[in-house]
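The structure appears below as structure tokens.
Nothing in this text is a laboratory measurement; each read-out follows from the coordinates by a stated rule. Remember, it's a predicted structure, so these values are computed and weren't measured experimentally. When we count neighbours, we look across all protein chains shown, and the Cβ atoms used for this are built from the backbone with ideal geometry, even at glycine.
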């Protein structure tokens, strides 16, 4: 039996093309920065140093008053709501536009590790920075030499 070639495509080309298209991450929204409503959620970088946890959230075009940062128990929640309305009247035409943007991200902080009284936040150049200090007993100690008796 031999394969028949029509219009440059072999009979096995279509299933391979089909599998390639649907096998991609195209429909796996969980691996991207999309919420359940297909809107984007700001990216977050979290870094641990010896003394702190540092959180950076990319949120360009916002103002520091657009954010709400709340600590409830050991759950830190960063949220934002921004509404905008624009109306233009020009030569008998009326244009009215609304936009509404919101997100919420929550992070569970390690118990008995974080100094919740001294969490600091600042917003600059499109990045929200949080510094979450560790309690003294949780900080990484410098190596020390132990002498052999």
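Miscellaneous remarks
- Residues of region 120-142 with amide N under 17 Å of the 7 Å Cα→Cβ point at residue 66: 122-130
- Plainly put, region 81-134 has a radius of gyration that is 1.31 times its Kirkwood radius, both from alpha-carbon atoms, as the Rg/Rh ratio.
- Cα Rg over Rh - region 41-138, Kirkwood: 1.17
- Model label sites at residue 47 and residue 135, defined 7 Å from Cα along the beta-carbon direction, differ in position by 2.6 nm.
- The ranking of 119, 78 from fewest to most other beta carbons within 10 Å of each one's beta carbon is 119, 78.
- The modelled label-to-label distance for the pair residue 54/residue 142, using points 7 Å beyond Cα in the direction of Cβ, is 2.0 nm.
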